[in-house]
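Read the structure below first, then the notes.
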Amino acid sequence: MDVPGPERIRLFHTLLGPAAGLPLLLVHGWGGDGREWAPHAEALAGPFRVVVPDLRGHGRSEVPARGNTPVEMADDLAALLAGLGTGPVVAVGHSMGGQVVNLLAVRHPGAVRSVVALDPAHGAHGAEVAEIPERLARYRAGGAGAAAAFLSGAFSPGAPVGLRTAHVRTLLGTPDHVIAQSYAGMYTEPGAVGVRPYSEAYLRRRTRPALTVWTSAEAAAWERSTLRVPGSRVDHWPRTGHYLHEERPERTVRLIREWAAPGGR
């Protein structure tokens, strides 16, 4: 059942493609904005009506003083889609955006046709979980500047020239409190779903088909064990950095087009 809520903040967003096209939502990750989806949106705008938002606190959207968490972001997107009258969307998200679109599917199933999650911010375990408190303390103290060093290591040697610099620049333009609140909302706040046992619980509540792509073979094997909805699958893209949709844009466009096509699963 869809989760009701108060009037949401206004999200900056763009629309591409014919009004009668299949609705497709493209969601960026932590410290990013919708510009990272520009090549994909143009390539997909023929058969699809492409909605590209900036999440709350990011890009050109409103910046609340508090509540910059994936749960609130998912509820914002539900309100945006309802206002646009899109009907159920194929919801695509990268990193934190992958967590957000899964939360959208769990909290507002009527808004979602299916999910595509690219290296999503869930399933943390082991050493990664042990590092979360220290990282959060650094982000609370140093904001985007402290997060930049972490982000700069997220790219493969084959990443396009300038991609790292573009993302670091966008991250540094994100308000410090949004960086810290978003990270806490992913991993440490009550209801956060980023750590593996909590990830498994929320994935069990997902009733829409989902395609997840991991750059980690271990994470891909783990998520395959969680699948419950017919038609869902997990792919593994080795030798690719975290920003896989930008390191391999043509492959990503082809993946989305094939997944979303009738009979594509």
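Among Thr165, Thr207, Thr86, which one shows the biggest mean-square fluctuation in a GNM of the chain, springs joining Cα atoms closer than 10 Å?
Comparing Thr165, Thr207, Thr86 in the GNM, the peak value goes to Thr165.
Please state the charge dipole magnitude for the stretch 30-127, taken about the Cα centre, from unit charges on C-beta atoms (+1 on K and R, -1 on D and E), reported in debye and rounded to the nearest 20.
Dipole magnitude for the stretch 30-127 comes out near 180 debye.
Carbon and sulfur atoms: what percent of the 1.4 Å accessible area of the stretch 9-117 do they account for? Intermediate results must be reported in sequence, preceding the final value.
Working: 1870 of 3290 Å².
Solvent-exposed carbon and sulfur of the stretch 9-117 make up 57 percent of the total.
Per residue, how many Å² of accessible area does the chain show with a 1.4 Å probe?
42 Å²
Where the centroid of each part is defined by its Cα atoms, how far is the stretch 22-90 from the stretch 126-148 in Å?
Cα centroid to Cα centroid, the span is 25 Å.
Take the Cα pairs of the stretch 53-202, get the Kirkwood Rh, then feed it into Stokes-Einstein at 10 °C and 1.306 mPa s and tell me D in µm²/s.
99 µm²/s
Beyond 17 Å, what percent of the Cα pairs of the stretch 9-88 remain?
Of the Cα pairs, 42 percent sit more than 17 Å apart.
More than 24 Å apart: what percent of Cα pairs in the stretch 1-134 qualify?
I get 25 percent for the Cα pairs in the stretch 1-134 exceeding 24 Å.
Collect residues whose amide H, placed 1.01 Å from N in the peptide plane, falls under 5 Å from the amide H of Val112; neighbours closer than 5 in sequence don't count.
Amide H neighbours of Val112, under 5 Å, 5+ apart: Val89.
Within the stretch 200-265, list the GluC sites (Glu not before Pro) lying in a DSSP loop whose Cβ has at most 10 other Cβ atoms in a 10 Å radius.
Within the stretch 200-265, no GluC sites (Glu not before Pro) qualify (loop, at most 10 other Cβ atoms within 10 Å).
Pairs of Cα atoms under 8 Å, at least six residues apart: use those to get the relative contact order of the chain, whole percent.
Numbers: 512 pairs, mean separation 52.5, N = 265.
Result for the chain is 20 percent.
Based on DSSP H runs of at least 4 residues, each adding -39500 (n - 2.57), what is the mean residue ellipticity at 222 nm of the chain after dividing by all its residues, to the nearest 500 deg cm²/dmol? Kindly include the intermediate steps, with their values, before the conclusion.
Working: 10 runs with 115 residues, N = 265.
Rounded to the nearest 500, the figure is -13500 deg cm²/dmol.
Bin width 5 Å, alpha-carbon pairs only: give the P(r) of the stretch 169-208 as whole percents, running from 0 to the bin holding the largest distance.
Going out from 0 Å in 5 Å bins, the stretch 169-208 shows 6, 22, 20, 17, 13, 12, 9, 1 percent.
Over the stretch 66-193, what is the relative contact order in percent, taking alpha-carbon pairs closer than 8 angstrom and at least six residues apart?
Over the stretch 66-193, the number comes to 27 percent.
Taking only the C-alpha atoms, wrap a convex hull around the chain and report its volume per residue in Å³ as a whole number.
Cα-based convex hull of the chain, divided per residue, equals 116 Å³.
The values are calculated or read from the model by the stated rules, or taken from the named source; none is laboratory data. Model, not experiment: these values are computed from the prediction. Glycine gets a Cβ as well: all are built from the backbone with ideal geometry, and neighbour counts include every protein chain shown. The area values use the complete protein model at the heavy-atom level, side chains included, leaving out ligands, DNA and RNA. Shrake-Rupley method; radii C 1.70, N 1.55, O 1.52, S 1.80 Å.
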